[in-house]
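*Asks:* Would you mind keeping the following structure in view while I ask a few things?
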Amino acid sequence: PVSDMIFAAVIGGLLGAKLYYVVVLGNWDALFTRGGFVFWGGLIGGMLAVMVVIWRKKIPMLRIFDVGAPAVAAAYAVGRTGCWAVGDDYGKPWPGGFLSVQFPEGAPPSTVGFMSHDFGVQFPPGMSPNTVVAVYPTQLIEVALGLIMFGILWRLRDHKHAEGWLFGVYCVLAGIERFLVEFLRAKDDRFLVGGVLSTAQLIAIVFTLGGFAWIWWRRDVTANKPGIYASGVARPAPLSS
């Protein structure tokens with residue numbers, strides 16, 4: 001069933017990512033443009049589509065959640081390289097920063113005109129709208145954090161908890177990662193706590209708290225909560241380094 005789940009994840013992920021951008025952020029003009037895909041919407045849409053396939057094929061859903069958690073973290077890291085390549089989802093101005101980078105042909109370009117209009121960034125009066133601004137390379141930061149998430153989840157894959165526990169760990173890690181990175185992102189949707197927090201951070205908080213609750217729910221193996229190995233089956237020996 002993996003090929004069916006991948007197909008569903010692609011379709012559901014694209015639809016969810018676009019609908020999030022259009023509906024939640026109110027950018028209705030982006031409905032038929034090539035841009036405007038948001039990670040949280042893609043994750044939720046892809047998860048729902050895959051869950052439908054799992055349900056119809058009568059596959060143990062929580063087992064698939066465990067299998068998919070490290071893969072989603074790795075895919076997130078790879079996907080952010082595309083953001084870097086096209087020059088979108090970059091950070092706030094960081095002139096003179098050690099790892100600052102400019103996107104003169106980004107989507108949109110990191111110029112005074114675009115960043116002030118699209119993201120509400122305030123610049124000193126008199127700056128030319130065509131001035132290219134150096135910004136935080138948040139895409140590469142997320143690539144690195146995505147690989148760290150994958151490493152942690154991969155290390156914990158042979159856990160002793162009930163099936164699905166690893167998915168809760170992913171939710172916690174993904175929520176914390178996105179919550180922190182959002183402070184460096186150039187965004188125009190900050191509305192909570194005096195305009196400090198963004199919509200993505202609100203969702204990140206929900207994912208983090210939900211992840212902790214999920215971890216607690218799947219912490220013990222019981223008669224109704226099987227572990228990742230059948231009873232009486234020995235765990236495979238760890239690979240030597």
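*Asks:* Starting from the alpha-carbon convex hull of the chain, give the projected area averaged over all orientations, in nm².
*Replies:* For the chain, the mean projected area of the Cα convex hull comes to 16.1 nm².
*Asks:* Which chymotrypsin sites (Phe, Trp or Tyr not before Pro) in segment 79-123 sit in a loop by DSSP (not H, G, I, E or B) and have at most 10 other Cβ atoms within 10 Å of their own Cβ?
*Replies:* Phe98
*Asks:* Expressed in nm², what is the orientationally averaged projection area of the convex hull enclosing the Cα positions of segment 36-158?
*Replies:* 9.3 nm²
*Asks:* Would you work out which of Tyr229, Leu48, Ile6 lies farthest towards the positive end of the dipole of the chain, given +1 charges on the beta-carbon of Lys and Arg and -1 on that of Asp and Glu, about the Cα centre?
*Replies:* Value computed over the given set: Tyr229.
*Asks:* Oh, and also: Carbon and sulfur atoms: what percent of the 1.4 Å accessible area of segment 8-154 do they account for?
*Replies:* Here it works out to 70 percent.
*Asks:* Nothing charged except the Cβ atoms of Lys and Arg (+1) and of Asp and Glu (-1): what's the magnitude of the dipole of the chain about its Cα centre? Round to the nearest 20 debye.
*Replies:* Taking the Cα centre of the chain as origin, the dipole is about 860 debye.
*Asks:* Right, another one. Assign unit charges at the C-beta atoms only (+1 for Lys and Arg, -1 for Asp and Glu), then state the dipole size of segment 1-135 relative to its Cα centre in Debye, rounded to the nearest 20.
*Replies:* 500 debye
*Asks:* Filter the cross-link list Lys57/Lys187; Lys92/Lys160; Lys57/Lys160; Lys18/Lys57 down to pairs whose alpha-carbon distance in this structure exceeds 31 Å.
*Replies:* Exceeds cut-off: Lys57/Lys187; Lys92/Lys160.
The values are calculated or read from the model by the stated rules, or taken from the named source; none is laboratory data. These figures come from a predicted structure and were not determined experimentally. Counting neighbours? That spans all protein chains shown, and the Cβs are built from the backbone with ideal geometry, glycine included. The area values use the complete protein model at the heavy-atom level, side chains included, leaving out ligands, DNA and RNA. Shrake-Rupley method; radii C 1.70, N 1.55, O 1.52, S 1.80 Å.
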